[in-house]
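The next block holds one structure in the form of structure tokens; read it before the comments.
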Amino acid sequence: MSKRPKSTMSPASDNALAQNRPGQGETPVEDHAGNGGELHQDIAPDAGHDDADAYLTDNFGHRIADNQNSLRAGERGPTLLEDFVLREKIFHFDHERIPERIVHARGSGAHGVFECTRAIPELTKASIFQKKGNSCPAFVRFSTVAGGAGSIDTPRDVRGFAVKLYTDSGNWDLVGNNIPVFFIQDAMKFPDLVHSVKMEADRGYPQAASAHDTFWDFIGLMPEAMHMIMWAMSDRAIPRSLRMMEGFGVHSFRFVNARGEGRFVKFHWKPVLGIESTTWDEAVKIAGADPDFHRRDLFEAIAAGDHPQWDLGVQVFDEAWAAEQPYDILDPTKLIPEEDIPVEIIGRLTLDRNVDNFFAETEQAAFLPSNVIPGIDFTNDPLLQGRLFSYLDTQKSRLGTTNFHQIPINAPKCPFHNFQRDGMMQTLVPTGRANYEPNSLAEAGEASGPRACPETGFASFTANAERNDPAQKLRVRAELFADHYSQARLFYRSQTGNEQAHIASALVFELSKVQLGHVRARVVSRLRNIDEDLARRVAQGLAIDLPDKAKAAKAPIDMPPSDALSIQKQARDTLEGRKVGILFAEGSDKASIDTLKAAIEKAGGSVFLVAPKVGGIKVKGGTLKADGQLAGSPSVLFDAIASVLMPEAAEALSKQGAAVQWFMDAYGHCKTIAHCKGTQALLDKANVEPDDGVVRIEDFIKTGAKRHWAREPRIRDLA
């Protein structure tokens, strides 16, 4: 049992609502776990009930009995529209800020095309999947989550991966992330999650960062978040490029075929270039060198004709299979291991055109999880159910009108007809008198308007096959939601040794920014349920005693490791889509540079020439112009580096910090370094030691742009 501290009235309370004192009161609070293991902090039953300041209420003074769960039709059923507590909480949250997105504010978008590569009419009646070769236009918006529109591209953060497919059956918005799970199980907690990770309310910082007290205080009290924390502290949260990032629908959705048969489905976007990440040190340095690193990379790749591509894959399963699993497939903090159900590829997305106007397209793009087409339907996932309401509501706040669907980037590319009229910013001009139905205007020779079609219209899946009793109205989570640690353990133990070290180091970094000692200890106590060695490493990194293990609401189980959860186990040994920086200076051999450049480009990579000066430089064989100046083009911007230098030029550059750091960073980030003999003096100054990734220029193509992780233990301390 805990007691809330007293707090004095602030000058801001000196107004007509002076009796409204949010956050005040000191009534004893009792902690207890709910049915799904979620933490409830309720007023103790014997505390007395006359301290009005102590009670959580809605904005009209109605006391709230449960602030952790939405009201459902059954333990595993859909969320009910009558839940005014959820409605008000989400409604207020959606309208807290205008016009910038509250989350996912910093985004990058591009146009493209989606093509069905495998027809699946036996699974879904969705028109796009009825025939191989079917295609439709697409628009994709990538984004960070925590930072504002003016923040940076490379913080440790989840990345939004929102896809809008303009099908002949209407728009389908698959609004997901680059991580297949989420922090919370119920939409009721989304405002709390975002409030905690945003800038701290009293000081307005940190921006675009989770390494602060309020976020980790919330996480430490929400064991359901621990699986997502493993992903967020892994290298998945610091991607090398938007082009080299997986995407996930997160939730379990449903396929429905023409016979009305339904099966569950999970959606995956697999990058054709493979998955790549940065190291944390690179991400920090890139933020300083180029805050627009990801945005620029995407734009320039498309402009150069190197069109990014993703394969759309699905995991399809039925209710019988779902019922046998040790986790609940409606729980958005859980994933389905690919070893259990392999991902089957059914389509390919290609981004081939940059936007013409960032505001008109990328900023005004409105994505709605409720935008589905016949053949694709929802499940009772409680987070998805809340999103179905929230996204539509928030567009009115951001775009100012219910007619946001008329903005070109949001408008469907198939005909649309209804009786909705007027509204702010109405740009269409409906004619005639038919703005209602039923009507009999056709009998008078007038246009009577469109009508519903039961045969081809969207019809929700009718079977209640999700192990649920809809006769009950409950604020409760399914008992299986209480296993908060098994999949977090699965994720951690599926990583390579140095990926595990990265996770431990990320936790040490983030928690070292937390000023509240009890919060640090609480998080480490939860880590003990995931992996004892991880908890020990983090505790040692923070120089704290290993706390007692937190009590698990449901004892975790061991699951077989999954290679699909590791970036490094999936790494592609390729130069395709990678960027190589080549350093040269006065006197360098132009023929050697040209030969190397041609070989890299033949292998699918791109070359960026770096020199102490950007103008034409005299080299052996003519003059050569650099793409970037040395101090402004640090090696963190490239996937691998090479150097073609005369000994005297290398000697001179060894006295320049930018040149020494160029090699020092590439070596420290485990990148391939190709060099000529003349570069040796500079390598020695940067303490670059020979290994499999430090090679002669002639061996660069064979070695490639891969990371040489065996180097890492020699060059930095990891938790």
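The values are calculated or read from the model by the stated rules, or taken from the named source; none is laboratory data. All of these numbers come straight from a predicted model, not from anything done at the bench. In this analysis, Cβ positions are derived from the backbone assuming ideal geometry, glycine residues included, and neighbour counts consider all displayed protein chains. Surface accessibility is based on the protein's heavy atoms, side chains included, excluding ligands, DNA and RNA. Shrake-Rupley method; radii C 1.70, N 1.55, O 1.52, S 1.80 Å.
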Give just the number: which of (1) over 25 Å from Gly220 (Cα atoms); (2) in contact with a helix residue (DSSP H, G or I) (Cβ under 6 Å, 6 or more places away or on another chain) does Val140 not satisfy? (2)
Name the single residue that is nearest to Met646 (Cα to Cα) among those in segment 594-636 being in contact with a Phe, Trp or Tyr (Cβ under 8 Å, 6 or more places away or on another chain) and in a strand (DSSP E or B). Val619
Looking only at residues in segment 667-719 that are out of contact with any helix residue (DSSP H, G or I) (no Cβ under 7 Å at 6 or more places or on another chain) and in a strand (DSSP E or B), which one is surrounded by the fewest Cβ atoms within 10 Å (Cβ to Cβ)? Arg696
Within segment 136-153, which residues are outside any loop (DSSP other than H, G, I, E, B) and open to solvent by less than 30 Å² (accessible area, probe 1.4 Å)? Cys136, Ala138, Phe139, Val140, Arg141, Phe142, Ser143, Thr144
Tell me which residues, restricted to segment 435-447, are at pLDDT 85 or above and hydroxyl-bearing (Ser, Thr, Tyr). Ser440
Would you be able to tell me the number of residues in segment 260-281 that are in a helix (DSSP H, G or I) and either under 25 Å from His307 (Cα atoms) or under 19 Å from the mean Cα position of the chain (by Cα) (or both)? 1
Ala444 passes all but one of (1) under 33 Å from the mean Cα position of the chain (by Cα); (2) exposed (fewer than 10 other Cβ atoms within 10 Å of the Cβ); (3) among the hydrophobic types (A, V, I, L, M, F, W, C); which number fails? (1)
Note down all Cβ pairs under 7 Å where the first residue falls in segment 502-515 and is over 14 Å from Ile238 (Cβ atoms) and in a loop (DSSP other than H, G, I, E, B), the second is acidic (Asp, Glu) and open to solvent by 20 Å² or more (accessible area, probe 1.4 Å), and they're at least six residues apart or on different chains. Val514/Asp213; Gln515/Asp213
Would you mind stating whether Ser486 is hydroxyl-bearing (Ser, Thr, Tyr) and either surrounded by 19 or more Cβ atoms within 10 Å (Cβ to Cβ) or within 28 Å of Gly34 (Cβ to Cβ) (or both)? yes
Among the residues of segment 211-234, are any more than 30 Å from Val524 (Cα to Cα), hydrophobic (A, V, I, L, M, F, W, C) and either modelled with pLDDT of 95 or more or not in a loop (DSSP other than H, G, I, E, B) (or both)? no
Selection from segment 539-556 of residues open to solvent by less than 70 Å² (accessible area, probe 1.4 Å), touching a residue at least 40 places away in the same chain (Cβ under 8 Å) and within 22 Å of Asp483 (Cβ to Cβ) yields Ala550, Ala552, Ala553, Pro556
Looking for whichever is open to solvent by less than 10 Å² (accessible area, probe 1.4 Å), within 13 Å of the chain's Cα centre (by Cα) and β-branched (Val, Ile, Thr) here; the options are Ile229, Ile219. Which one fits? Ile229
Restricting segment 38-65 to residues that are in contact with a Gly (Cβ under 8 Å, 6 or more places away or on another chain) and in a loop (DSSP other than H, G, I, E, B), which is farthest from Ala225 (Cα to Cα)? Asp51
Those residues of segment 353-376 which are crowded, with 19+ Cβ neighbours inside 10 Å, of a type outside the set (A, V, I, L, M) and under 30 Å from Thr462 (Cβ atoms) amount to Phe367, Pro369, Asn371, Gly375
Restricting segment 288-302 to residues that are in a helix (DSSP H, G or I) and open to solvent by 20 Å² or more (accessible area, probe 1.4 Å), which is farthest from Asp157 (Cα to Cα)? Glu300
Regarding Val250, is this residue modelled with pLDDT of 95 or more, closer than 25 Å to Glu466 by Cβ, β-branched (Val, Ile, Thr) and over 13 Å from the mean Cα position of the chain (by Cα)? no
Which one is modelled with the lowest pLDDT among residues in segment 350-371 that are touching an Asp or Glu at 6+ places or on another chain (Cβ under 8 Å) and either closer than 13 Å to Phe267 by Cβ or not in a loop (DSSP other than H, G, I, E, B) (or both)? Pro369
Any idea which residue in segment 312-340 is least open to solvent (accessible area, probe 1.4 Å), counting only those that are of a type outside the set (Asp, Glu) and without any contact (Cβ under 8 Å) to a residue 40 or more places away in the chain? Gln325
Report whether or not Asn410 is in contact (Cβ under 8 Å) with a residue 40 or more places away in the chain, touching a helix residue (DSSP H, G or I) at 6+ places or on another chain (Cβ under 8 Å) and not hydroxyl-bearing (Ser, Thr, Tyr). yes
Any residue that is open to solvent by 20 Å² or more (accessible area, probe 1.4 Å) and more than 30 Å from Thr333 (Cα to Cα) - is there at least one of those in segment 377-400? yes
